[in-house]
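Working notes for the structure below.
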There are 4 protein chains.
Amino acid sequence: MRLYETEIDSRLLLGTAQYPSPAILQDAITASGCQVVTVSLRRESAEGSGAGFWDLLRASGCQILPNTAGCHTVHEAVTTAQMARDLFNTPWIKLEVIGHGDTLQPDVFALVEAAQILTQDGFQVFPYTTEDLVVGEKLIEAGCQLLMPWGAPIGSGQGLRNRDGLRAMRAHFPDTPLIVDAGIGRPSDAAQAMELGMDAVLLNTAVAKAGDPVTMARAMAQAVIAGQQGHAADPMEPRDMAVPSTPTLGLAHLSELEHR
Amino acid sequence: MRLYETEIDSRLLLGTAQYPSPAILQDAITASGCQVVTVSLRRESAEGSGAGFWDLLRASGCQILPNTAGCHTVHEAVTTAQMARDLFNTPWIKLEVIGHGDTLQPDVFALVEAAQILTQDGFQVFPYTTEDLVVGEKLIEAGCQLLMPWGAPIGSGQGLRNRDGLRAMRAHFPDTPLIVDAGIGRPSDAAQAMELGMDAVLLNTAVAKAGDPVTMARAMAQAVIAGQQGHAADPMEPRDMAVPSTPTLGLAHLSELEHR
Amino acid sequence: MRLYETEIDSRLLLGTAQYPSPAILQDAITASGCQVVTVSLRRESAEGSGAGFWDLLRASGCQILPNTAGCHTVHEAVTTAQMARDLFNTPWIKLEVIGHGDTLQPDVFALVEAAQILTQDGFQVFPYTTEDLVVGEKLIEAGCQLLMPWGAPIGSGQGLRNRDGLRAMRAHFPDTPLIVDAGIGRPSDAAQAMELGMDAVLLNTAVAKAGDPVTMARAMAQAVIAGQQGHAADPMEPRDMAVPSTPTLGLAHLSELEHR
Amino acid sequence: MRLYETEIDSRLLLGTAQYPSPAILQDAITASGCQVVTVSLRRESAEGSGAGFWDLLRASGCQILPNTAGCHTVHEAVTTAQMARDLFNTPWIKLEVIGHGDTLQPDVFALVEAAQILTQDGFQVFPYTTEDLVVGEKLIEAGCQLLMPWGAPIGSGQGLRNRDGLRAMRAHFPDTPLIVDAGIGRPSDAAQAMELGMDAVLLNTAVAKAGDPVTMARAMAQAVIAGQQGHAADPMEPRDMAVPSTPTLGLAHLSELEHR
């Protein structure tokens, strides 16, 4: 999977917030096999989270994908992105412009505007968006080379709330990397996203808030591979009427045996 | 997982019917990592499927679980089971007594009766049943030490048609091995079964009829592990109202940074 | 709809338990337009519920369908049915034999046995059953002329838990009256049952435990009619790809207008 | 329900395209009891559809809600709206700006822009939109006094594709009339929309393309009322564990009876 100029093997991207401890975060990153982690600038800037957290990420060997989590305006998001670039020394930015406090849904208007500004400023933008096809087109026109549609509201763990919408998105953008971002709760949700032909899954809460985050990280990694391979293997179509999975060719033969 | 006296590690059991070729079946078994394969006596008895197929299964090193696929009466099922014991030299029998030709749903009355007869005759019965709790109790009274509820009609690939019913089954039989048998279509279906706390998944058509059965076998194996670990990791509860997955503790701090 | 020898117009049957007051029950019956009400013998026998309740039912003009709610064995159910016949002077009996205390699922074994006994004793049995096709066949063999499959556990309000199962039931018993009994929570659930081609819906808790039972009774009645007519009207098939609902024949014409 | 300055009783709005014949359209309008019908200017402008169709609508006594179906740009939509105002002599306009040909999803950017222009020009805009909360806010800022979120793509008959999204919309805009527009296939879909607290439902294809459009119109009308009343009646919450719908208070009493 090509994310701008970078080739990434792992199809699971991991968020770094809300873990019970730095050690557990570190182990979860390892267990997930992820090569990209998202970091909130705000978290990073928070007192006390600084040096150790940063060393931990560096030690992980992962690409850092800074995000603009918590930003509600174009100005906030752009400013945060610029600080992130200085701090993390990367053109990558996961662009979140939150339009609604409860559902954390993107403000698609501000998102497109911020994406334009940041792209022109040399950023490689990873936009957190909805399944709206027109918004997707605007983001691509704005210079985004990939899209990150939500599965469900951030932190909800509801899974894929609008599977048909994501399916339409895949059909409409066959060549653009699509990363489902937010809403994943269980491994089967992650597998479903990949079975829809998505390129990758980004998640955070489902791992960080599981009873055992490290085991969940490993489970998610396997689910993503399972879904990806399942999609590649060209699955059977569901059938409305059940058909035998065991051929009955031997029926005559068997009845012979029975009546011997 | 203990199936009667046998300890089995792999939580995926594989059927052996309908594969494009014996070689593909062999590779699918290997890719799946399964330790138990089901074999239809009727298939085995059919002309032309004999020696090579048998050698192939032997070479796989898997436990053979003969089944009574295609049997519609107690008499047919019992007779078939007895022939299977002679042929495969195992007390194990996957007991299918089909009650309805289109949906291949079990005849739960004949199933319980056949289970009683076979158990008394020394068989270790793996009953293909519905999610009916009372039928499950009768099967256990009849001597079955595990249950194999369907996910959906055999060969339908519809996934878990009645998730609440399976959930109730898990709650009602906390200590009985439960193996979802039939209906799985995609890796996410297999993961969901395990996330419900099921002990294992048995499938056939979804692998045999995939475009690439070997890749699908591998995908299913990983999905089963993902679901099992996901269940063990104590997943977050889905939340109706979205909550931030990134703490906003640094907000004040950031605005300080912004206004410097 | 013919229920044994009786022609019934209304496709909504109502339970009479759990209402806030007798007056509200009476108004709910009227609002529902139902012609059949079920009555628990146990409730009727309970001290204090007697005469007034009975007068109320009589005044409603509805056919009484006594039920064996709360019975867990064949003996209990048969005895209760016989008492009900004496008390209510009707051959009708809604046969419930509960197999599991939490889910209130039928004991399909005891159900069939009790149905045989009661039919031979001259009863007209309304069996509360699951969506199991084989059980349905046994009940018909036992003399039942209609079937009452559950939608979901009694009192759960979950709606139709296994829609495919109910659909298979309709396909398998095209000429037998099928009444969805239990599990309905909202008017749309009742409409869905009828859209599946069911003949009627029986419900109790959804009305009795609504904030305003009388309004809910009226809503359910309309939903049942809406679903029945919707089924009769031969609905469009859902389409995966959206198509315009407005013809664009006038497009050329319009662009002429625009450029005038 | 107040739609701008007009009080409307009926909660079902009907589209007028795709009917088998004008006579059937006329009968469907009557059967639906609707007080508002949408009319495509393009359809109206098409040769041969003119005078008779117009007379038919006039005779129906319904308010005409012209729509901009088939428009893909702000300019097209605004021009069409202006022609519609002249033709139908009404400030009402159902604003559709289609962003994607296959799914007929709104172009939310063009929609907001066109809504601003039209509102400033004195129109009363009925915007066909998605469930996006931020888009909804922009439309209200633009002067829209009601919103028409889609249920699913126009003409798909898929029902409510994103129920959680519609639920969030209702919660976020408690005082704005919300009319689900597009995607309804069956009466139960219409009832569900109303059970979510929506104010009304607009549909077309589900009636026009039913085998019997007039019966379906009547069914939809009843479903809308059923859903509305069901919502008003404060339905029970679904329960995970089943509870008896018949009190067992009389149990001791009954067993006394039994043992007499």
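The values are calculated or read from the model by the stated rules, or taken from the named source; none is laboratory data. Predicted model only: the values in this text are computed from it and were never measured. Heads up, the Cβs are rebuilt from the backbone with ideal geometry, glycines too, and the neighbour counts pull from every protein chain shown. Ligands, DNA and RNA are excluded from the accessible area calculation, which covers all protein heavy atoms including side chains. Shrake-Rupley method; radii C 1.70, N 1.55, O 1.52, S 1.80 Å.
Structure notes:
- Filtering A:Thr73, A:Thr79 for residues that are of a type outside the set (Asp, Glu), more than 29 Å from A:Val214 (Cα to Cα) and surrounded by fewer than 16 Cβ atoms within 10 Å (Cβ to Cβ) leaves a single hit, A:Thr73.
- Subset of the stretch D:159-190 [open to solvent by less than 20 Å² (accessible area, probe 1.4 Å) and among the polar types (S, T, N, Q)]: D:Asn162, D:Ser188
- Among the residues of the stretch D:104-122, those identified as within 17 Å of D:Asp181 (Cβ to Cβ) and not in a helix (DSSP H, G or I) are D:Leu104, D:Gln105, D:Pro106, D:Asp107.
- Qualifying residue in the stretch C:235-250 (condition: facing another protein chain (nearest Cβ under 7 Å), modelled with pLDDT of 50 or more and in contact with a helix residue (DSSP H, G or I) (Cβ under 8 Å, 6 or more places away or on another chain)): yes
- Single unsatisfied condition, C:Arg218 versus (1) facing chain D (nearest Cβ under 10 Å); (2) farther than 25 Å from B:Leu166 by Cα; (3) surrounded by fewer than 22 Cβ atoms within 10 Å (Cβ to Cβ): (3)
- A residue that is surrounded by fewer than 24 Cβ atoms within 10 Å (Cβ to Cβ) and in contact with an Asp or Glu (Cβ under 9 Å, 6 or more places away or on another chain) occurs somewhere in the stretch C:115-122.
- The number of residues in the stretch C:139-159 that are within 10 Å of chain D (Cβ to nearest Cβ) and of a type outside the set (Val, Ile, Thr) comes to 8.
- Any hit, the stretch A:252-259, residues being of a type in the set (Asp, Glu) and at pLDDT below 95: yes
- Residues of the stretch C:205-215 satisfying the condition of being touching an Asp or Glu at 6+ places or on another chain (Cβ under 9 Å) and surrounded by 24 or more Cβ atoms within 10 Å (Cβ to Cβ): C:Ala206, C:Ala210, C:Pro213
- Those residues of the stretch D:175-210 which are polar (S, T, N, Q) and more than 9 Å from chain C (Cβ to nearest Cβ), in sequence order: D:Thr176
- Any hit, the stretch B:127-137, residues being without any contact (Cβ under 8 Å) to a residue 24 or more places away in the chain, within 7 Å of another protein chain (Cβ to nearest Cβ) and in a helix (DSSP H, G or I): yes
- Condition met for B:Ile98 (touching a Cys at 6+ places or on another chain (Cβ under 8 Å) and crowded, with 24+ Cβ neighbours inside 10 Å): yes
- D:Val108 vs. criteria away from chain C (no Cβ under 14 Å), in contact with an Asp or Glu (Cβ under 8 Å, 6 or more places away or on another chain) and open to solvent by less than 40 Å² (accessible area, probe 1.4 Å): yes
- Positions within the stretch B:1-26 being open to solvent by less than 20 Å² (accessible area, probe 1.4 Å) and of a type in the set (A, V, I, L, M), in sequence order: B:Leu3, B:Ile8, B:Leu12, B:Leu13, B:Leu14, B:Ala17, B:Leu25
- Taken over the stretch D:162-174, the criterion of being over 22 Å from C:Ala190 (Cβ atoms) and within 14 Å of chain C (Cβ to nearest Cβ) is satisfied by no residue.
- Only a single criterion out of (1) assigned to a loop (DSSP other than H, G, I, E, B); (2) touching a strand residue (DSSP E or B) at 6+ places or on another chain (Cβ under 6 Å) is not satisfied by A:Met148, namely (1).
- B:Gln228 being crowded, with 24+ Cβ neighbours inside 10 Å, under 19 Å from B:Ala28 (Cβ atoms) and not β-branched (Val, Ile, Thr): no
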